[in-house]
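Shown next, in structure tokens, is the structure this report addresses.
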Amino acid sequence: MKKSLILTFFILTAIFAQDKIWIFFTDKCLPPDKSLVDSIARMTLSERAIRRREKLNIPFDEHDIPVCKAYIDSIKRLGYNIVNVSRWLNAVSVIPPQRQSISLSSLSFVRKTQPVARFRQRITPIKTMERVSRIQYWGQSMLQAMMVGADIMHQRGYRGRGVLIGMLDSGYKIDVPPFDSLVASGRLVAKYDFVHHDTSVGYDSINGDWDPMGFVHGTMTLSCIAADIPDQIMGIAPEASIALAKTEIVDSVIEPGGVVDYERRIEEDNWVAGIEWLDSIGVDIVTSSLGYTYFTTDGWGYSFSDLDGNTAVTTIAADLAAKKGIAVFNSAGNQRMDYSWGHIVTPADGDSVCAVGAVNGFYQIAAFSSPGPTADGRIKPDLSALGVNAVVWDPFSNSVVFNNGTSFSCPIVAATAALVLQALRDKGFTTHGWELIELMKSTADMADSPNNDYGWGVPKAPVAAGILDAIYILVVDSISGQPLTNAVVTVNDDTLFTDGRGRATKYISEEGIYNIKASCNGFLSKTITINHRRGRIHRIAAKLMPFAESDFVICYPNPFRDTLKIIWSWGPSGTRKHAEVKVFSADGEFVRSLETDEGSIVWDGTNSYGRRLKSGVYMLYIKAFGEGSEELKRKIKVVMIR
């Protein structure tokens, strides 16, 4: 038995070491009969997949029917070993025979051939979990839940029920405590290993698996969605149904000194086969924590110019999945500091794919999170979530650990989409996958100023689902435009602090007046008042005027329309004593005199008789009195615009 297993290992290793190629066919051997396409598609797709197309009014087309069997048989007879078949690409991936008796280009039904791209990526070490205080229910995963509003969604009863999420990863260990309820409830609806072509997605040495590390990464990403151990670790959508596709190979690598390390060997045909399978069983959402950049196939691979949303095989397949109504989420990649690449990865470049970046707990972009744009200039990533010290389940230590990567921010965002989708369905809405992504982007916390680091920002599930409204506040230095972190923002009686981007979010539900005051050390505070009506999102930029710590007089805003605030500080202790302000027109005519003992005063643009003045330039002569006989005198020009 032992010899047999060793022999199997070497045979499989030899097979997978060979370079595969794609063979693309010209057609599918069918007459142009729409009814025939419909009938064949209905025989090959699951009931759930058919229902999704019908609800979203997506017609069946040639992508829904199998590849021509006659063409496949012809390729087999020439000695090619078929590995994967893609109905979407109308192609097969094959291992060529050692001796080819005929050129593929001479076959009338072959459109083109190209290598199957292969990418090797070293696996990021696991970080040991530091002890943190536990919060009831969410446990150590509270932060990643609160950042996307999942805590509020769970309180309202939205935990992903009825939504089917498909995952593409390197393997999964299912028999661990976080997934007990997933398995026991029957919500693990399907699983398949596209590397070894069986239904065991973990490590299965009896059936020839040689990748004992294969299930680690997938188990961690799955825990971001489906973990369910209250008070320890909770996934974002613990009641969602799950389908698992294993599409990566994990190889051991012998480092200098005999140290064994591991890396993922990613082959794009497995990914394509996986996402087509997920479509066929009717998933609503796909999350993929895999990324493809440069490849190792004899110098052939993709360059940055190929990140145009239309070139890479995986990108084409991902966009086709989106056209079938699926919301497709893919990691943006961890290549920011990789100076040989430094961009997002495929298929995150797809125009119908939601690329997900990573931020830390202060909402600042992670040092590794791949930036945009795409080769054709589109903003990427689309959304961001926690990917620095994300809380995941480690199947080796059987415990909660921290880990880093867009591999974890991606399933967090995909699971957030499941909560939103459940809420929308409960309200009677039918939502296309791309519409769901666009809704999450338009309601995210940076939708007013998306960029190639954060995309449209961090999604807020309660806002996207229409459960709560929001006030998004950005606090910046009015001179430099730089965001002010840790600024104090009060919304009526609630106090918030800006994050590492100078932003704060306040969920609201009641209609009425909201007073938003922003303040920060070294800056003049600013108050903005809004009148809220249900269903509105308010995006407010509070631009704070800086001041020196010594003597100053500031008039703002300048120019002004209705009121001008005059504020001063005098003396080494910043004393604010009695002051006099005299206002003159540009012609030197006296307009008004103001006095105060409060350190600031407001001029409403009227003269001494209370009449509103016209637009123009006015001169303010300010005399502030400090300790004893000391005085501060300033002459300031202001502009009033009516």
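The values are calculated or read from the model by the stated rules, or taken from the named source; none is laboratory data. Computed from a prediction, not measured in an experiment: that's the story for all the values here. Note: ideal-geometry Cβ built from the backbone for every residue, glycine included; neighbour counts use all protein chains shown. Note: areas computed on protein heavy atoms with side chains; ligands, DNA, RNA excluded. Shrake-Rupley method; radii C 1.70, N 1.55, O 1.52, S 1.80 Å.
Residues that are modelled with pLDDT of 80 or more and in a loop (DSSP other than H, G, I, E, B): does the stretch 593-605 have at least one?
Yes; the residues of the stretch 593-605 include at least one that is modelled with pLDDT of 80 or more and in a loop (DSSP other than H, G, I, E, B).
Just to check your reading of the model, which residue among Ala470, Ala464 is without any contact (Cβ under 8 Å) to a residue 60 or more places away in the chain and open to solvent by less than 20 Å² (accessible area, probe 1.4 Å)?
Ala464
Return the residue satisfying two criteria in turn: it lies in the stretch 481-499 and is touching a residue at least 60 places away in the same chain (Cβ under 8 Å) and of a type outside the set (A, V, I, L, M), and of such residues it is nearest to Lys543 (Cα to Cα).
Thr485
What are the residues in the stretch 175-193 that are part of a strand (DSSP E or B), at pLDDT 95 or above and among the charged types (D, E, K, R), if any?
Once the filter is applied, which keeps residues that are part of a strand (DSSP E or B), at pLDDT 95 or above and among the charged types (D, E, K, R), the stretch 175-193 yields only Lys191.
Out of Gln98, Gln114, report the one residue that is under 30 Å from Gly171 (Cα atoms), at pLDDT 70 or above, open to solvent by 30 Å² or more (accessible area, probe 1.4 Å) and out of contact with any helix residue (DSSP H, G or I) (no Cβ under 6 Å at 6 or more places or on another chain).
Selected residue: Gln114, the only one of Gln98, Gln114 that is under 30 Å from Gly171 (Cα atoms), at pLDDT 70 or above, open to solvent by 30 Å² or more (accessible area, probe 1.4 Å) and out of contact with any helix residue (DSSP H, G or I) (no Cβ under 6 Å at 6 or more places or on another chain).
Taking the stretch 438-457 on its own, how many of its residues are in contact with a Ser or Thr (Cβ under 8 Å, 6 or more places away or on another chain), of a type outside the set (Gly, Ala, Ser) and in contact (Cβ under 8 Å) with a residue 40 or more places away in the chain?
Residues that pass the stated criteria total 5.
I'd like the full set of residues that are closer than 25 Å to Gln422 by Cβ and among the β-branched types (Val, Ile, Thr), limited to the stretch 327-358.
Val328, Val353, Val356
Which of the residues belonging to the stretch 371-396 are free of Cβ contacts under 8 Å to residues at least 60 places away in the same chain and of a type outside the set (A, V, I, L, M, F, W, C)?
Scanning the stretch 371-396 gives Gly377, Gly387.
State all residues of the stretch 176-226 that are open to solvent by 30 Å² or more (accessible area, probe 1.4 Å), closer than 29 Å to Gln140 by Cβ and hydroxyl-bearing (Ser, Thr, Tyr); if no residue qualifies, say none.
Ser181, Ser185, Tyr203
With (1) in a strand (DSSP E or B); (2) surrounded by 24 or more Cβ atoms within 10 Å (Cβ to Cβ) as the list, and Ser407 as the residue in question, which single condition is left unmet?
(1)
Is it the case that Thr247 is within 22 Å of Ala348 (Cβ to Cβ), at pLDDT below 95 and either open to solvent by less than 20 Å² (accessible area, probe 1.4 Å) or of a type outside the set (Gly, Ala, Ser) (or both)?
yes
Among the residues of the stretch 24-38, are any closer than 23 Å to Val83 by Cβ, modelled with pLDDT under 65 and open to solvent by 50 Å² or more (accessible area, probe 1.4 Å)?
Within the stretch 24-38, none of the residues are closer than 23 Å to Val83 by Cβ, modelled with pLDDT under 65 and open to solvent by 50 Å² or more (accessible area, probe 1.4 Å).
Any idea which residue in the stretch 584-612 is surrounded by the fewest Cβ atoms within 10 Å (Cβ to Cβ), counting only those that are of a type in the set (A, V, I, L, M, F, W, C) and within 55 Å of the chain's Cα centre (by Cα)?
Ala586
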